[in-house]
Structures are given as C-alpha cells and as structure tokens.
Amino acid sequence: MEFDVVIVGAGPAGLSTACHLMQLAKQTEQELLVCVVEKGSEVGAHILSGAVFETRALDELFPDWQERGAPLTTQVTEDHIYLLKDENKATKLPNVIVPKTMHNHGNYIASMGNLCRWLASQAEELGVEIFPGFAASEVLYNEDGSVGGVITGDMGIDASGQAKDSFMPGMELKAKYTVFAEGCRGHLGKQLIKHFDLDAGKSPQHYAIGFKEIWDIDPTLHQEGLVVHCAGWPLTDSSGGSYLYHAENNQVLVGLIMDLNYSNPHLSPYDEFQRLKHHPVFKQYLDGGKRVTYGARAIAKGGFNSLPKMTFPGGLLVGCDAGTLNFAKIKGNHTAMKSGLIAAQTLFDELKQTDAMGGKDLTAFTDNFKQSWLYKELFTSRNFGPAIHKFGTFWGGAFNTLEQNIFAGNLFITLRDEHKDHEQLDLAVDCPKPTYPKPDGILSFDKLSSVFLSNTNHEEDQPCHLKIIDPAIPITVNLAKYDEPAQRYCPAGVYEIIDNAQGETALQINAQNCVHCKTCDIKDPSQNIVWVVPEGAGGPNYPNM
C-alpha cells in the first residue's frame, strides 16, 4: 500500500502530525494520502500518562476543541507540593520555593488515552486512514538508503516460527515520508537513531519508569481539580517523585516516577510504588477506595541535551520517540503534539511541490523547530534533570528553583549527565537489600493482580518479543554480579529466576505479562534484552489511562 505519509504510532505526536497535515492539505485543496499505524488493539489502548495536560499545542491544532467535545473537563484548581521525609512525615512546601514550572494553573487533569481517541476521530474526519492492531515491525529502506516506509509484522506465527492456519503476512506500507511517533524507546526509533547516528555529540538519553493507578475513592474525600506532587521518600536511594491527581467522577490518579539511573540492583520500583500509597499524604484519600486500573511505562527524560537529530532521509522522529518531554514541568504531551505540528508543516511544505518524490532529509524541520516555542521551552529546562542527578533531590531542587524562578531557565551554565542509565548499577554484594512490606490487598498489591487490571493479553503461541541476545548472560553475568535485576525492575513479573527441569538455574520469561513499558530494554546492565513488537493488538488494553 502506498501513501504520501505513513505515521507510526497513534499517540499525541503522531495524531497531531496527521491532523495538521490534513488541515493544511484541505486549506489548499491538495490531495494527500496519510496513514497512521498503531500496534495497540485500538487507539488509546497503549497510552499511559499522568496526566496534567497543558493545552498550548491543542489550542493551535483545534482552537475550538471545547466545542468539538475534547475530553478535557477537569481544570486544575489547586497545587500541593510535599517533601516526604519518611514513611510518616511530610512537609508541605510553599509555592514561592517551588520551581514555577511546577505550577499548573490553567491546565487540565486528563486521560491521554481518551484524548488520543478523540484526536483519532478528528483525524478520520479529516481523511486520515488509521490502522489499529497492526505493529510496524521493520523499517523499509529504499535502494538509495533513505527510509521508504515500514513493514507490519506477520500474524499467525507460532512460537517456533512456523506459520499457523491463521497466518497473515505483514504489509509493506510505502511512503514518500515516514514519521516515527512510537513513544519512549520506540522499537524502530531506536534502530533509526543508531543507523543514521542521530545522537552523535548528544548526551545519552535518560529514562524513568512511571507507574499509574486509577482509584475510585470516597466522594467526601474527593477534591476535583486538586493536584498533589511529592519528592523524597520512598526514593531515598534514587531520584524521582510521586503524584496524586483528583480527576472527575470521584476518581484519583496516583503514581510514582523513578529514575532508571539508580545504582542499587536490589531496588524494586514496583514495590517502592506500592509502599508509597501507605504514606499519610496518599492514604488519607485512598482509604476505603477501590483500585480499578494499573499500568507502567518508561519515560524519556533526558530533555534538550539528549535530543537526537530528528530528521533523516525519508523521515522524522517526533514526540517521545525523540525525547521531547519537558521534565521541569513533568509534562510531555503538549511538547509531543507541538513536535507533530512542526513535522506536519515541514512535510506539507515539501509535499506541495509538484516534483516531491520523497526520500529527502527534511532539515527544514530543524530550522522550524529552533524558531518554535518548543525549542525555547526545552532549552530553558535543560538543566533540570542533570541538576537532580548531580546534586540530589534537595540541592538539585534548590538549584532548579533558583534557575527557573530567578533566571527563567537562562542561567549561563549548562549541566550535563553523560552517564548511561544501564551502566550505573553497583555490584549486588556491595548494596543493602531493602525490606519491602508484604502487600496488604487494600492499598498495596502483588504484581500479578496488578497486571490483571492492565487488561494485558498476548497470543500465547507466538515468538517471544523479548529477545535475549546471549542466553548465558542472564545467569553468568547478571545473576552473578547484580542478582539479575530484571526480576525487580520489570513492573509486570515478566522475568523470573527458576530451577528448570534439568535442575539448572535459568531465566524464565513470562512474555504474556508484558505491559510494553520498555524498562528491560533500557535498564538491563548487559544490554542483552531487545524489546521488539509482538503480534499486532497484543499488550495492555488501558481503558482511560
């Protein structure tokens, strides 16, 4: 199938690209064929975000979004920020000593899954073709080396690689230009960055793992529009933060973000999240409530210093596939959308030429990006993450407050973190083992019951999508040196160390549990795990995350 533009990923960046491209085409009565391919079972099924949403890019895309029925109804009414000192104590911080980027007046508490579903409906009205349930598994290259589209994965292959009765071969989706908007640590985006050396001269990308649960709570405890952010405990041996947002319908959104540059291999991000909910700041709202949904996803948080070159012959990287998140605001949706708007304008300016054949390196995107508010926003937040990494939560926070509130992000120095997250683990023998309390089934829960709430499902008889490059390394290196941290950093119980039928110690992979967070692809100290797309429509089925 041939198109003018193929977009990989129906998230905020990909759908914004599609919508704006078709808007521009309709304004000039130009015919364009635009396709969005999405690996989730439906648009929104794989979308997970906090989220407090800034409407700046949406205002540009659809100025009348309220009249069009965009699912943004809960405006932020109040910001509370706490420093959690230990499992019981907390200090509420006055706004004057908090970075102004953390203030959320005018923003909305939102389900990005539902917003993406709405964006998809707008795209389809504009004439975009959207194919959910099809995973882009390979980059399609032209003879001259430029990107010429993608190949979707075969369906109906059994675990041994043989075709089943249900076999359906993948499709070649050919395009003049291909936009990769897969989200953080995109399977194809990662390959393209390496293939075209797009990150040359840049700081390594840095990541966190983000957890989210939705709870129904006692209506008498609900304060619609209240936003709570916390730093400190339980992340005493790592950096990150936590949140609790009072959404509509007596629901709260609660979560933890933990940086993946931590050094103690015994840490379990999942268990840190579960014990967080017992802190009085969270417990006061969750007591008597019911957990209804769970999910986890990696976050690209390196920001400006880690942004790769976003163009290459025949295509572009946008949104979190490139790393456009502004961690100073703890927001990446509006920035992802803006990168999509810039991509759309750049693509349209090229495609409207009568001799547009495709395959060019659209470097005009870089010029357009540098002239946009997105560039300025990312530049002025460039020190936020490195400051936390270098100086810790308290002093890093003090530096960030000074830079953001006094210098508006324009301090004369640029801090950098040149250390790769997966290289930061110390030897297990040198690190203390945390004692995590047993889940009580009221506020805290085990991994398997959590995965159940994510509605995760994969066709069981298919090749494993978690590729181990060297099968010996998990035991001879990772277990020996680091007590195989995959057992703990995976938020879904995918990796287990077992004694197999031959009486040997082995790594067991429960790929059926995978929630597509990509943490294993990022944090494995040996870089021995490669996450690839499973059969289309597999993975979580988040209803409104």
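Can you put 360, 338, 376 in order of accessible area, largest first, using a 1.4 Å probe? Kindly include the intermediate steps, with their values, before the conclusion.
Values: 360 110, 338 25, 376 135 Å².
Putting 360, 338, 376 in descending order of accessible area: 376, 360, 338.
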Self-check item: Residues with amide H under 5 Å from that of residue 536, placed H, sequence gap 5 or more
Solution: 135
Practice problem: Take the solvent-accessible surface of the protein heavy atoms, probe 1.4 Å, and return the percent of it on region 178-271 that carbon and sulfur atoms account for. | Solution: 44
Self-check item: Residue among 25, 94, 36 farthest towards the positive dipole end of region 6-107, charges placed on Cβ
Solution: 94
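Whenever you get a sec, compute what percent of the accessible area on region 296-353 sits on carbon and sulfur atoms (1.4 Å probe).
Values: 550 of 1020 Å².
On region 296-353, the fraction of accessible area on carbon and sulfur atoms equals 54 percent.
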Exercise. Take residue 218, project a point 7 Å from its Cα along the Cβ direction, then tell me which residues of region 259-287 have their backbone nitrogen under 11 Å from it.
Key: 284-287
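The chain: D in µm²/s via Stokes-Einstein (Kirkwood Rh, Cα pairs, 37 °C, 0.692 mPa s)?
Details: Rh = 23.7 Å.
Approximately 138 µm²/s, per Stokes-Einstein.
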Quiz item: Rounded to the nearest 20 Debye, what is the dipole magnitude of region 111-181 about its Cα centre when Lys and Arg each give +1 and Asp and Glu each give -1 at the C-beta?
Solution: 200
Exercise. May I ask you to give the percent of accessible area on region 58-121 that is carbon plus sulfur, with a probe radius of 1.4 Å?
Key: 50
Quiz item: So, in nm, how far is label residue 410 from label residue 263 when the simple model puts each one 7 Å beyond its Cα toward the Cβ?
Solution: 3.7
Quiz item: So which helices of the chain fit the span-like rule, where a helix is a whole DSSP H run, its Cα atoms reach 20 Å or more along the axis, and its mean Kyte-Doolittle is at least -0.5?
Solution: 12-27, 333-351, 384-406
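Taking a threshold of 18 Å on the Cα-Cα distance, which of the pairs 438/523; 89/390; 338/370 fall above it? Can you show the working numbers first?
On the way: 438/523 25 Å; 89/390 26 Å; 338/370 12 Å.
Over 18 Å Cα-Cα: 438/523; 89/390.
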Practice problem: Compute the FRET efficiency between residue 433 and residue 284 as 1/(1 + (r/R0)^6), taking r as their Cβ-Cβ distance and R0 = 41 Å, and round to the nearest 0.05. | Solution: 0.85
Practice problem: Kindly provide log₁₀ I(q)/I(0) values, in the same order as q = 0.12 Å⁻¹, from the Debye equation applied to equal alpha-carbon scatterers of region 215-325. | Solution: -0.55
Quiz prompt | Kirkwood-type radius of region 1-96, with distances r between different C-alpha atoms, in Å | solution = 17.1
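Would you kindly work out the equivalent ellipsoid of region 101-158 from its C-alpha gyration tensor and give its semi-axes, the square roots of five times the eigenvalues, largest first in whole Å?
Three semi-axes, in Å: 33, 17, 15.
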Practice problem: With a 1.4 Å probe and every protein chain left in place, work out the accessible area per residue of region 125-247 in Å², rounded to a whole number. | Solution: 40
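Based on the Cβ-Cβ distance from residue 470 to residue 505, what FRET efficiency comes out when R0 is 25 Å, to the nearest 0.05?
On the way: r = 16 Å, r/R0 = 0.63.
For R0 = 25 Å, the calculated efficiency reads 0.95.
So, with +1 on the Cβ of K and R and -1 on the Cβ of D and E, and no other charges, what is the size of the charge dipole of the chain about its Cα centre, to the nearest 20 debye? All intermediate terms of the calculation are to be shown ahead of the outcome.
On the way: 44 positive and 66 negative charges, 344 e Å.
Dipole of the chain, to the nearest 20 debye: 1660 debye.
The values are calculated or read from the model by the stated rules, or taken from the named source; none is laboratory data. Because the structure is a prediction, the values reported are computed rather than measured. Glycine also receives a Cβ, built like all others from the backbone with ideal geometry; neighbour counts cover every protein chain displayed. We work out accessible area using only protein heavy atoms, side chains counted, and drop any ligands, DNA or RNA first. Shrake-Rupley method; radii C 1.70, N 1.55, O 1.52, S 1.80 Å.
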